[in-house]
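Student: Quick one: structure below, then a few questions.
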Amino acid sequence: MVFEESVVLNVEFAEAVAATKAALAAQGFGVLMEIDMQQTLKAKVDKNMEPYVILGACNPKLASAALDVEPNIGVLLPCNV
């Protein structure tokens, strides 16, 4: 099952995160949360892994319109990137 779309960038991880945030902003999305999975899993279950960040992004106008049509859509908000 495919549930993601991937893009490979030939840059450092921090630069890729910054570029992703800028691309989201250019489309009207703000980042409401940032989860550092590498840090969290190391602290919680002593797991070592490559850098991995989840960005919770939201476009307020689109979110509002979606909630007007389907109030339960909130279970899918914000969008994870």
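The values are calculated or read from the model by the stated rules, or taken from the named source; none is laboratory data. Quick caveat, the model's predicted, so the values are computed rather than measured. Surface accessibility is based on the protein's heavy atoms, side chains included, excluding ligands, DNA and RNA. Shrake-Rupley method; radii C 1.70, N 1.55, O 1.52, S 1.80 Å.
Student: I'd like to check one number: the per residue accessible area of the chain, probe 1.4 Å, reported in Å² as a whole number.
Tutor: Numbers: 6490 Å² over 81 residues.
Ligands and nucleic acids excluded, the result is 80 Å² per residue.
Student: Given that compact globular proteins tend to follow 2.2 N^0.38 Å, what is the ratio of the alpha-carbon Rg of the chain to that value?
Tutor: Working: Rg = 14.8 Å, N = 81, 2.2 N^0.38 = 11.7 Å.
Compared with the compact-globule rule of thumb, the chain sits at 1.27.
Student: Angle, helix 13-26 long axis vs. longest principal axis of the chain, Cα atoms, 0 to 90°, nearest 10?
Tutor: That works out to roughly 10 degrees.
Student: Could you tell me how many degrees, from 0 to 90 and to the nearest 10, lie between the Cα long axis of helix 60-69 and the main elongation axis, the longest principal axis, of the Cα atoms of the chain?
Tutor: Result, in degrees: 60.
Student: Calculate what fraction, in whole %, of the accessible area of the stretch 34-81 sits on carbon and sulfur atoms when a 1.4 Å probe is rolled over the protein chains.
Tutor: Whole-percent figure for carbon plus sulfur exposure: 59.
Student: Evaluate the relative contact order of the chain (contact order divided by residue number), counting alpha-carbon pairs under 8 angstrom at least 6 apart; express in whole percent. The partial results should precede the final answer.
Tutor: Numbers: 71 pairs, mean separation 20.3, N = 81.
Relative contact order here is 25 percent.
Student: I would also like to ask the following. Ordering Phe29, Phe13 from largest to smallest accessible area (1.4 angstrom probe), what's the sequence?
Tutor: Values: Phe29 55, Phe13 85 Å².
Largest accessible area first, the list is Phe13, Phe29.
Student: Helix-only estimate, please: 222 nm mean residue ellipticity of the chain, summing -39500 (n - 2.57) across DSSP H runs of length 4 or more and dividing by its residues, to the nearest 500. Display every interim value, and only then the final one.
Tutor: Details: 3 runs with 33 residues, N = 81.
About -12500 deg cm²/dmol.
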